[in-house]
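Written below as structure tokens is the structure these notes are about.
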Amino acid sequence: MQRVLPKFSGTGVALITPFLPDNTVDYHALGNIIDYVIEGGVDYIVSLGTTGEAITLSSQECREILDFTLRHVDGRVEIVAGFFGGNYTDKLETIIKNYNFDGVSGIMSSSPAYSKPPQSGIYEHFIRVAEASPLPVIIYNVPGRTSSNVLPETILKLSENHENFAAVKEASGKLEQSVEILKHCHDNFGVLSGDDPITAAVIALGGHGGISVIANALPKHFSGMVNAALASDFPKARKLNFDMLDVHPLLYVEGNPIGIKAAVSMLGFCHNKLRVPLMPLSEPNREKLRKLLSLVPDLEL
């Protein structure tokens, strides 16, 4: 019997934002990267997330990037838009209420950063996001950036108390958190890995896919691994995971998206350009990354 999966299952790619040497958005490169990941088998695109350097973009640039992405994708896959409101729930709520979401399938949002709210505050924040949003919401738990871990009981309470919550992107790095959510969540709530190296393990334990960084560079490998795991073909999933495994640490050694932008530039899709305070991957790590990418089966550098 074929497994029935909730919305936003499979492979999402947290798309990078390529820049020209003058620091403006490189729309030609963005279009080529979009085509590459779609041809590589991703199921949906997440635009304007952490990997997309959204925090360095103006509101106008964010709007223009999303509009370009919608036009270029042209319905081939679904698009999720990242919405991150910093520390101020009221501000994020207002932005969402007044935004034109035509063509967008969902939004992804993390808990407030820096202020380190208690679980009750995180809950109220996300409830207000869900009430403001006309679209399904992916809860993004990324304590490495927000300094606040959204605990499984909070995720479950949110999913039970508002129908707008479609999924969680679990990026705590703690496999047991995904397992606890999976044990208790309802059938149409998605549990997505936000940590590429453990995505196959999350799926093996009942998860529904992942939102990936490495899929910018290795979309066929990552989506192939996810599809194999969802089909319970774990020998194939394990092989594809092993093929990518050594690359993962170099993507984060100096921070994300520094590593993945270096990797995508090595494939010839964009300049290795980031906006300050982010900087290009250092030369020693760049050479290590190039060597490891060259060892990935079925990838041409």
Flagged in the stretch 1-44 as over 26 Å from GLY207 (Cα atoms), of a type in the set (S, T, N, Q) and surrounded by fewer than 20 Cβ atoms within 10 Å (Cβ to Cβ), in numbering order, are ASN23, THR24, ASN32
Picked from the stretch 278-301 (must be surrounded by fewer than 16 Cβ atoms within 10 Å (Cβ to Cβ) and modelled with pLDDT under 95), the residue nearest to ASP22 (Cα to Cα) is LEU301
Might you check whether a residue that is part of a loop (DSSP other than H, G, I, E, B) and more than 27 Å from VAL37 (Cβ to Cβ) occurs anywhere in the stretch 122-132? no
Filtering the stretch 50-95 for residues that are farther than 18 Å from ALA113 by Cβ, part of a helix (DSSP H, G or I) and aliphatic (A, V, I, L, M) leaves a count of 4
Sole miss for SER159 among (1) among the hydroxyl-bearing types (Ser, Thr, Tyr); (2) in a helix (DSSP H, G or I); (3) over 27 Å from GLY103 (Cβ atoms); (4) touching a residue at least 12 places away in the same chain (Cβ under 8 Å) is condition (3)
For the stretch 182-212, the count of residues that are outside any helix (DSSP H, G or I), at negative phi and crowded, with 22+ Cβ neighbours inside 10 Å equals 12
- Task: Go through the residues of the stretch 143-150 one by one and say whether even a single one is of a type in the set (Lys, Arg) and modelled with pLDDT under 95.
- Result: yes
Exactly one of ILE122, ILE33, ILE95, ILE107 is among the hydrophobic types (A, V, I, L, M, F, W, C) and at pLDDT below 95, and that residue is ILE95
Residues of the stretch 83-115 being closer than 23 Å to PRO143 by Cα and either in contact with an Asp or Glu (Cβ under 7 Å, 6 or more places away or on another chain) or of a type in the set (Ser, Thr, Tyr) (or both), in sequence order, are TYR88, THR89, SER109, SER110, SER111, TYR114, SER115
Of ASP195, ASP187, the only residue that is over 13 Å from SER110 (Cα atoms), acidic (Asp, Glu) and in contact (Cβ under 8 Å) with a residue 60 or more places away in the chain is ASP187
Going through the stretch 57-90 in order, the residues found to be polar (S, T, N, Q) and under 25 Å from ARG128 (Cα atoms) are SER58, SER59, GLN60, ASN87, THR89
Note on GLU61: of the conditions (1) crowded, with 18+ Cβ neighbours inside 10 Å; (2) at negative phi, unmet is (1)
Among ASP43, ASP22, the single one that is farther than 21 Å from GLY194 by Cα and among the charged types (D, E, K, R) is ASP22
Of the residues in the stretch 25-42, those that are outside any loop (DSSP other than H, G, I, E, B) and more than 19 Å from PHE222 (Cβ to Cβ) come to VAL25, TYR27, HIS28, ALA29, LEU30, GLY31
query = Mind checking whether some residue in the stretch 93-105 is within 26 Å of ARG128 (Cβ to Cβ), surrounded by fewer than 19 Cβ atoms within 10 Å (Cβ to Cβ), in contact (Cβ under 8 Å) with a residue 40 or more places away in the chain and under 15 Å from the mean Cα position of the chain (by Cα)?
reply = yes
Of the residues in the stretch 80-92 that are in contact with a Gly (Cβ under 9 Å, 6 or more places away or on another chain) and of a type outside the set (Val, Ile, Thr), the one that is modelled with the highest pLDDT is ALA81
Condition met for ARG63 (closer than 29 Å to SER232 by Cα, of a type in the set (Lys, Arg) and either in contact with a strand residue (DSSP E or B) (Cβ under 7 Å, 6 or more places away or on another chain) or without any contact (Cβ under 8 Å) to a residue 40 or more places away in the chain (or both))
no
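The values are calculated or read from the model by the stated rules, or taken from the named source; none is laboratory data. Predicted model, so just to flag it, every value in this text is computed and none were measured. All Cβ positions, even for glycine, are placed from backbone atoms using ideal geometry, and neighbour counts span all protein chains on display.
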